[in-house]
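Every number in this text was worked out from the coordinates using simple rules, so none of it is lab data. Source: prediction; values computed, not measured. Glycine also receives a Cβ, built like all others from the backbone with ideal geometry; neighbour counts cover every protein chain displayed.
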Amino acid sequence: LVEFARQRFMVPTAFISLVAESRLWFKAKAGLDVGETSREHAFCVHTIQRRQVLVVEGTRVDPRFMDDPFVIGPPRIRFYAGASLIHKQ
């Protein structure tokens with residue numbers, strides 16, 4: 001699924017992550033070597049808070065992300081799009 005998304009949207013990275021109280025785990029990934037990160041540096045936290053698609057076209061100028069380690073260092077994320085996968089239970 002993540003490889004399909006990566007190819008379909010012609011992006012270098014795609015992933016599915018699980019967000020816990022203090023950590024975020026990349027459970028399925030393509031083009032990303034990191035297995036987890038702290039929740040405070042997780043783009044996905046903003047996505048699940050909104051419960052709708054989040055698109056950030058310029059991470060270096062968005063105040064929420066401009067100081068994020070994944071923006072200022074490898075993998076140097078410049079664009080982000082995320083959507084929550086929500087189960088009824």
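A few points about this structure:
- Being of a type outside the set (S, T, N, Q), over 21 Å from residue 87 (Cα atoms) and under 11 Å from the mean Cα position of the chain (by Cα) is a property that does not hold for residue 61.
- Answer residue from region 1-15, given it is among the β-branched types (Val, Ile, Thr) and touching a residue at least 40 places away in the same chain (Cβ under 8 Å) and is surrounded by the fewest Cβ atoms within 10 Å (Cβ to Cβ) among those: 11
- Subset of region 16-28 (residues that are surrounded by fewer than 18 Cβ atoms within 10 Å (Cβ to Cβ) and touching a helix residue (DSSP H, G or I) at 6+ places or on another chain (Cβ under 8 Å)): 16, 19, 20, 21, 22, 23, 28
- Of the criteria (1) assigned to a loop (DSSP other than H, G, I, E, B); (2) more than 11 Å from the chain's Cα centre (by Cα), which one residue 77 fails: (2)
- In region 30-54, the residues that are in a strand (DSSP E or B) and either of a type in the set (Phe, Trp, Tyr) or touching a Gly at 6+ places or on another chain (Cβ under 8 Å) (or both): 54
- Among residues of region 57-73 that are among the basic types (Lys, Arg), those with a Cβ under 6 angstrom from a residue that is surrounded by 12 or more Cβ atoms within 10 Å (Cβ to Cβ), sequence gap 6+ or separate chain, pair up as 60/66.
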